[in-house]
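Single-structure report; data block below.
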Amino acid sequence: MSGILYLVATPIGNTEDITLRALRVLKEADLVVYEERKEGTRLLREYGIENKPVETLNEHNESAASTLIIQELQRGRSVALVSDAGTPVFADPGQILVRKAIAAGIRIVPVPGASSVLPALIVSGFPIQTFLFYGFLSPKRPRRIAELQQLKRDRRTIVFMETPYRLLQLLRDMAEVFGTSRNICVAFDLTLPTEEIFRGNAPELYQKLAKEGKKGEFVVVLGPS
């Protein structure tokens with residue numbers, strides 16, 4: 001009989017934000033699959049989980065690693081997949097593994113928990129009955145500007161994710177495309193002691209955050225038109 005693939009959400013910052021179920025699954029799993037070994041080792045050490053067989057699965061080895069992990073599952077071993085932070089597979093590697101597991105008839109169990117998207121949405125104050133999760137824009141500015149121009153037609157609340165070092169570039173380009181026509185919420189370092197919520201239009205936030213030199217994880221929520 002095949003093992004079970006668990007998709008385990010872990011904290012996005014504050015280590016207290018892990019569920020009792022997630023801890024049990026991580027302790028009982030035969031194999032834990034990290035996105036990055038350094039972060040995964042730190043995570044398990046934080047909760048006193050030692051001597052656990054581990055594997056890595058990230059954007060560089062996703063296809064090959066997925067094949068190996070499927071083989072372990074077919075041998076009857078249980079596998080827990082975690083990302084560096086938050087919910088795995090969602091805006092993180094893991095989709096190839098999930099698709100291979102579905103094709104192989106392997107049971108997949110999501111273990112829900114922390115995610116940066118919903119906290120950013122509910123703290124934004126924007127309408128969220130319907131919203132668009134866009135995720136990551138292109139890292140190349142011309143393409144990023146074109147994507148934002150396309151999204152200008154969408155009247156819904158829109159959620160963006162980006163790497164920490166590209167926040168000011170994103171706000172600069174949003175200021176160019178949207179001007180002062182739409183408000184923005186930047187949820188910065190969610191769940192951490194350094195957590196801050198910034199609100200305003202794109203030009204205002206670009207000037208403010210450029211002056212303050214903010215660095216850290218963030219989610220940008222674009223309010224509706």
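The numbers here are math on the coordinates, done by the rules we state, and not lab data. All figures in this text were calculated on a predicted structure; none of them were measured in a lab. Because the Cβ atoms are built from the backbone with ideal geometry, glycine has one as well, and the counts that use them run over all protein chains shown.
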Next item on the list: Above 24 angstrom, tally the Cα pairs of segment 117-222 and express them as a % of all pairs, no decimals.
Entry: 13
Margin query: Pick from Val109, Val117, Val186 the residue whose mean-square fluctuation is largest in a GNM of the chain, springs joining Cα atoms under 10 Å.
Written below: Val109
Next item on the list: Could you list which residues have their amide H under 5 Å from that of Ser83, counting only those 5 or more apart in sequence or on another chain, with H placed in the peptide plane?
Entry: Thr10
Check: Tell me, what HN-Hα J-couplings in whole Hz come from the Karplus equation 6.51 cos²θ - 1.76 cosθ + 1.60 at θ = phi - 60° for each residue of segment 74-89, using x for Gly and Pro?
Finding: 5, 7, x, 7, 8, 10, 10, 9, 10, 9, 4, 6, x, 8, x, 6
Check: Which of the lysines could a cross-linker span from Lys211 if the Cα-Cα distance has to be under 26 Å and same-chain partners fewer than 8 positions apart are dropped?
Finding: Lys140
Checklist line | Set of aspartates and glutamates near Lys215 by C-alpha distance (under 20 Å), chain-local residues within fewer than 8 positions excluded | finding: Glu39, Asp84, Glu162, Asp173, Asp189, Glu195, Glu196, Glu204
Note to self: Net charge around Asn183, counting only other residues with Cβ within less than 12 Å of its Cβ (Lys, Arg = +1; Asp, Glu = -1)?
What the structure shows: +1
Notebook entry, point to check: Once phi is turned into ³J(HN,Hα) by the Karplus curve 6.51 cos²θ - 1.76 cosθ + 1.60 with θ = phi - 60°, what whole-Hz value does each residue of segment 8-14 show in order, with x for glycine and proline?
Noted result: 9, 6, 10, x, 8, x, 6
Margin query: Restricting to DSSP H runs of at least four residues, report the calculated mean residue ellipticity at 222 nm for the chain, -39500 (n - 2.57) per run over all residues, nearest 500 deg cm²/dmol.
Written below: -11000 deg cm²/dmol
Next item on the list: Quick one: work out the % antiparallel among DSSP beta bridges in the chain, nearest 5.
Entry: 45
Check: Using a Gaussian network for the chain with springs between C-alpha atoms less than 10 Å apart, which of these wobbles most: Ala114, Ala85, Ala210?
Finding: Ala210
Item checked: Of the chymotrypsin sites (Phe, Trp or Tyr not before Pro) in segment 166-225, those whose Cβ has at most 14 other Cβ within 10 Å and which sit in DSSP loop -> none
Check: Using alpha carbons only, how many degrees (0 to 90, rounded to 10) separate the axis of helix 37-46 from the longest principal axis of the chain?
Finding: 80
Check: In segment 79-175, what chymotrypsin sites (Phe, Trp or Tyr not before Pro) fall in a loop by DSSP, with at most 10 other Cβ atoms inside 10 Å?
Finding: none
Note to self: Taking every DSSP beta bridge with both residues inside segment 4-111, roughly what % is antiparallel (nearest 5)?
What the structure shows: 5
Notebook entry, point to check: With r defined as the distance between the Cβ atoms of Tyr165 and Asn14 and R0 fixed at 22 Å, what FRET efficiency is calculated, to the nearest 0.05?
Noted result: 0.45
Notebook entry, point to check: Under the definition of Cα pairs under 8 Å and six or more residues apart, what whole-number percent is the relative contact order of the chain?
Noted result: 22
Next item on the list: Could you pull out the trypsin sites (Lys or Arg not before Pro) across segment 23-129 that fall in loop regions by DSSP (anything but H, G, I, E, B) with no more than 13 other Cβ atoms inside 10 Å?
Entry: Arg75
Checklist line | Per-residue ³J(HN,Hα) for segment 157-168, Karplus 6.51 cos²θ - 1.76 cosθ + 1.60, θ = phi - 60°, Hz, x for Gly and Pro | finding: 5, 10, 10, 10, 10, 7, 5, x, 7, 10, 4, 5
